[in-house]
1. If amide hydrogens are placed 1.01 Å from N in the peptide plane, which non-local residues have theirs closer than 5 Å to the one on Ile121?
2. Determine Rg/Rh for the range 31-169; Rg is computed over alpha-carbon atoms and Rh is the Kirkwood hydrodynamic estimate from the same atoms.
3. Could you give me the ³J(HN,Hα) list for the range 118-135, computed from phi with Karplus coefficients 6.51, -1.76, 1.60 and θ = phi - 60°, whole Hz, x at Gly and Pro?
4. What do you get when you divide the Cα radius of gyration of the range 84-152 by 2.2 N^0.38 Å, with N the number of residues?
5. Could you work out the local net charge near Ala151, counting Lys and Arg as +1, Asp and Glu as -1, over the other residues with Cβ closer than 10 Å to its Cβ?
6. Using the number of other C-beta atoms within 10 angstrom as an exposure proxy, rank Thr38, Thr104, Thr63 with the fewest first.
7. In the range 21-171, how many lysine pairs have Cα atoms under 13 Å apart, counting only pairs 8 or more places apart or on different chains?
8. Highest mean first, how do 134-140, 145-151 rank when packing is the count of other Cβ atoms within 10 Å averaged over residues?
Amino acid sequence: MESTNKIKSLIVGSLLMAMLSACSYSFSGASVPKHLHTISIPLFKDNSGSAEPNLNSTFTYATIQKFIDDANLQVSDGKNTDAVLECTITRFSDNPQSISGEETISVRRVTLTVKAVYRDIVERKTVFTKDFSNYGEYENSGDILAKRKVAIQEAIDKISEDILLKVVADW
């Protein structure tokens, strides 16, 4: 009898896991207020002092693409918009993360920090002002510049996703 219950529990658990893994979660219809339909995302400012070429435009376009893909708010040009998201890159660092046995740097970490200000234009209020920070890592060997670029993009993607989630899910 006990083994029958274990088998039933195992089958039910397996079915639940299969059903959950088949589901995809989306923020479509998330808790964005009904009066907000459009969002403007101006070009990010870069106050990081990094001298990383095109960092602000790359970051801006990645964030805009997250909002387009999500489809909760339509991205607008800013003239007749319901909300605006203004972001400033405040910090950029590229530091050793891991040192190998020969005391050489084997992994580096790029960390980015962005200050985001999200305003509801319709109700004339600031919804939030928040710093977002994240990173990407790369091996310090081979084509280092290409690997560094990928690490920067990884950090940008993570922060853009965090910003999107804060805008569409934190009401």
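1. Ala83, Val84
2. 1.06
3. Karplus values, whole Hz, x for Gly and Pro: 10, 10, 8, 6, 4, 8, 6, 8, 8, 6, 7, 10, 8, 8, 10, 9, 7, 9.
4. That ratio works out to 1.57.
5. So the surrounding residues net to +1.
6. Starting with the residue having the fewest Cβ neighbours, the order is Thr104, Thr38, Thr63.
7. 7
8. 134-140, 145-151
Read-outs: derived from the displayed coordinates by stated rules, not from any lab. On a predicted model such as this, the values are computed, not experimentally measured, just so you know. Because the Cβ atoms are built from the backbone with ideal geometry, glycine has one as well, and the counts that use them run over all protein chains shown.
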